[in-house]
1. Starting from the residue with the highest accessible area, list Ser36, Ser112 in decreasing order, probe 1.4 Å.
2. Provide the per residue accessible area, probe 1.4 Å, for the range 177-240, rounded to a whole number of square angstrom.
3. Could you list the GluC sites (Glu not before Pro) in the range 130-232 that lie in coil according to DSSP, counting only those with at most 13 other Cβ atoms within 10 Å of their Cβ?
4. Based on the alpha-carbon gyration tensor of the range 91-240 and its eigenvalue square roots a ≥ b ≥ c, which shape applies: rounded if a/c is under 1.5, prolate if not and a/b is larger than b/c, or oblate?
5. Does the range 51-100 classify as rounded, prolate or oblate by the C-alpha gyration tensor (a ≥ b ≥ c root eigenvalues; a/c under 1.5 gives rounded; else a/b over b/c gives prolate, otherwise oblate)?
6. Where does the charge balance sit around Asp164 when Lys and Arg score +1, Asp and Glu -1, over other residues with C-beta under 10 Å from its C-beta?
7. Using alpha-carbon pairs under 8 Å, 6+ residues apart, how would you state the relative contact order of the range 133-176 in percent?
8. Place +1 on the Cβ of every Lys and Arg and -1 on the Cβ of every Asp and Glu in the chain, take the dipole about the Cα centre, and give the residue among Phe69, Ser48, Asn177 whose Cα lies farthest towards its positive end.
Amino acid sequence: MNSYFEEVQALLSTVVEQEKHSIKESVEHISRAVMSEGVIHLFGSGHSHILTEEVFYRAGGLAAIHPIFVEDLMLFKGASRSSQLERQNDLSEKFMLDEDIRPGDVCIVISSSGVNPVPIDVAIIAKEKGTFVIGLTSPEYANSCPSRHKKKLYLHDVVDLVIDNHISKGDTLMKSNNISFGSGSTVTGAVLLNMIFTQVIEAIIETGVTPPVFLSSNIEGADEHNQQLIAKYKTRIPQL
């Protein structure tokens, strides 16, 4: 058996068991938001940005997903540059103030370390706009490093609900000859988000309401179905 696979299995088992109450609460808030015509916003920079794309416009996924894309914080605009920008205090105000985030929505901010100003301020501004904010982060990782925020805050300090991905300092799962390697945050985050959103879909179905779920564009009737959902959410989710 591959050692990395075993480490991922162990980490996921820990997350599912220890975060079940946080997952349940997040499902309740997100289900309520979607059923009230709200939108679920997601933000991450660097590799955390990958998780916002994972659940956006996804076959079998919720249509009410709004990724907050900031190109300068993505790797393709310059990997080391994105890391430096994430550390800038007050940078979030330049793109967050114009984001259409409303009371009744939910915002999920993703940062394993939770020490950099940009995701922290995204969470703060989203709360100021009246939305419920969830942090997908690792308090253990955060508490092992000094905060770079001007107020010495961590992401887990400023959100309404923490979902702990249980990632250790450095975001590695394996070690050999004093070399740490094998990141775990992306695979864990993808499983967590898909777990939450599938439970949201199930919860909505149980109420007798048809959830807004995209179909694969490769199956019959999908284009018409998906266009109806796009028309419904286009004003709130311009990326559609």
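The values are calculated or read from the model by the stated rules, or taken from the named source; none is laboratory data. Note that this is a predicted model, so its numbers are computed, not measured. Reconstructed Cβ throughout: ideal geometry from the backbone, glycine too, with neighbour counts over all protein chains shown. Heads up: the accessible areas ignore ligands, DNA and RNA and are worked out on the full protein's heavy atoms, side chains in. Shrake-Rupley method; radii C 1.70, N 1.55, O 1.52, S 1.80 Å.
1. Numbers: Ser36 85, Ser112 20 Å².
The ranking, largest first, comes out as Ser36, Ser112.
2. Numbers: 3700 Å² over 64 residues.
Using a 1.4 Å probe on heavy atoms only, each residue of the range 177-240 averages 58 Å².
3. Details: sites: Glu140, Glu202, Glu206, Glu220, Glu224; in loops: Glu220.
Taking the range 130-232 and a limit of 13 other Cβ atoms within 10 Å, the loop GluC sites (Glu not before Pro) found are Glu220.
4. Values: a/c = 2.29, a/b = 1.47, b/c = 1.57.
Here the range 91-240 falls in the oblate category.
5. Here the range 51-100 falls in the oblate category.
6. Details: positive: none; negative: Glu19, Glu140.
Every neighbour counted, the sum reads -2.
7. On the way: 51 pairs, mean separation 24.1, N = 44.
It rounds to 55 percent for the range 133-176.
8. Working it through, the farthest residue towards the positive pole turns out to be Asn177.
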